[in-house]
Amino acid sequence: MNEVKFAIVGLGEISKTHLLAAFDANIRNNLNYIIQPVAALTRKAQQINLHGIKNYTDSDELFINEHIDFVDICTPNDIHFEYVKYFSERKVPIYCEKPLSDSIATARKMVESVEENNVSNGVAFILRFIPAVHIIKTKLEEELIGNLINFKFSMYHGSYLNIKREGWKNSIQSGGGALLDSGSHLIDLANFIFRDTYGMIVDINAELKIHFSDRSEVDEYAYCNVVTEKGLWGNIEVSRISAEETQRNCVEIFGEKGSLKLYMQNPYKVVHYDYNSGNSVTYFAAEDITKPLFFSKAKDSLGYFQSAHTAALTTFANQVWSGNKSNILPDFKDALRVQKLIYEAYKKSKKS
């Protein structure tokens, strides 16, 4: 059977999610090819206990010895540019973890590099692949809840309450904190959901907080007010230090006729509240939605996070295989748009 071979760059926690995504895709999707990881590029030699994956510590050696159809960059943010430049100059398609980089300057250079070399590229903004998101997009186009008033997107987790949680994401090296790490997901999601109805986000203001100043150099909580091209107001709230029994990862959209709500823990379901009748209706994503997204059926799900990663990675592999650009998977230019907004928020926050 044909293979789409890739090398993963970096071997931290998120790279394991990407590798699992490849194996998950091969098992669950009826693809015309196998998505096959063949190499891992790391700074230091590592023991890799996965059959068929060879460890390299030198980019040239990897490029010379392996035939790869794309690379998957899972390094810390400040190293993305180095590998994007190297592989784009060698015409290798690039799939990259978000955010694009640790700075606007290098993010721009990354966009320039893939465009100058005509290299296929994609970014792991995985929330676009949540099936319920596509129900919401359809219902907004149908004006189910009338003219929109506002929206609120939130993403909470409490993992940074752990005093032992250390690493580059807590440092200035990362380029930002909760807003860059989690907020980038939600800003991109808002751009995707509203781009055909109310336009993408064009203005943003943020309130930022570092609670554990003894162990974090970057924001741990962010609350943003945003405005889209056509004047829709919204809020984006993210936290690394807010613990609760069920993570508050949700999309809430309010209109003159009611509301639409999605909770990421159930990525197949949208709840519609109708103001006039006082009744709620639940919509579920059927296979006609999940299958084109390469998103698993509910009974096969590994959880929304892993299933969304599988869908995004498979979409990029399919883009490389077919030569046809996906209209769902974001590219480097989409990621640069998000990063510009985030750094505008950081800039305004410093002034205030």
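Read-outs throughout are calculated quantities, based only on the coordinates presented, and are distinct from any laboratory measurement. This structure is a prediction, so every number in the text was calculated from the model and none was measured. Neighbour counts run over all protein chains shown; Cβ positions are idealised from the backbone, glycine included.
For this structure, a couple of remarks:
- For the stretch 144-160, Karplus couplings with θ = phi - 60° (6.51, -1.76, 1.60), whole Hz, Gly/Pro x: 4, 9, x, 5, 6, 9, 6, 9, 9, 10, 9, 9, 10, 8, x, 5, 8
- Angle between the chain longest axis and helix 131-141 axis [Cα atoms, degrees, rounded to 10]: 50
- Distance violations [Cα-Cα > 29 Å] among Lys152/Lys333; Lys109/Lys291; Lys54/Lys333; Lys269/Lys350; Lys91/Lys350: Lys109/Lys291; Lys54/Lys333; Lys269/Lys350; Lys91/Lys350
- Listed values [x] 63, 53, 45; [y] 79, 39, 36; [z] 65, 48, 40 include one computed from this model; for Cα extents along the principal axes in Å that value carries the label [z].
- Extension gain (nm, one decimal) between Lys333 and Ala286, 0.36 nm per residue minus Cα-Cα: 13.8 nm
- Dipole magnitude for the stretch 59-162: computed about the Cα centre from +1 point charges on Lys and Arg Cβ and -1 point charges on Asp and Glu Cβ, it is near 500 debye.
- In a DSSP loop and with at most 11 other Cβ atoms within 10 Å, the trypsin sites (Lys or Arg not before Pro) in the stretch 14-57 are Arg43, Lys44.
- About its Cα centre, the chain has a charge dipole of approximately 280 debye under the convention of +1 per Lys or Arg Cβ and -1 per Asp or Glu Cβ, with nothing else charged.
- C-alpha long axis of helix 332-351 to longest principal axis of the chain, angle in °: 60
- The gain in end-to-end length when the Asp214 to Asn2 segment is fully stretched comes to 71.1 nm, 0.36 nm per residue minus the alpha carbon separation.
- Using θ = phi - 60° in the Karplus curve 6.51 cos²θ - 1.76 cosθ + 1.60, the 3J(HN,Hα) couplings for the stretch 281-294 round to 10, 10, 10, 10, 7, 8, 5, 5, 9, 5, 5, x, 7, 6 Hz; x is entered for Gly and Pro.
- Helix axis angle, 304-322 relative to the chain longest principal axis, alpha carbon, degrees: 60
- Exposed GluC sites (Glu not before Pro) absent - longest run of the chain, DSSP non-H/G/I/E/B, at most 15 other C-beta within 10 Å: 257-352
- Prolate/oblate/rounded label for the stretch 285-347 (Cα gyration tensor, a/c 1.5): oblate
- Signed unit charges on C-beta, dipole axis of the stretch 28-143, positive-most listed residue Gln47, Phe70, Phe81: Gln47
- Contour minus Cα-Cα distance for Asp300 and Leu20 (0.36 nm per residue): 99.4 nm
- A Förster radius of 30 Å combined with the Cβ-Cβ distance from Ile104 to Ser326 puts the calculated FRET efficiency at roughly 0.75.
- Remark: the stretch 8-25, residue by residue, has Karplus-estimated 3J(HN,Hα) of 9, 10, x, 9, x, 4, 5, 5, 5, 5, 5, 5, 4, 4, 5, 5, 4, 4 Hz, where x stands for each Gly or Pro and the curve is 6.51 cos²θ - 1.76 cosθ + 1.60 at θ = phi - 60°.
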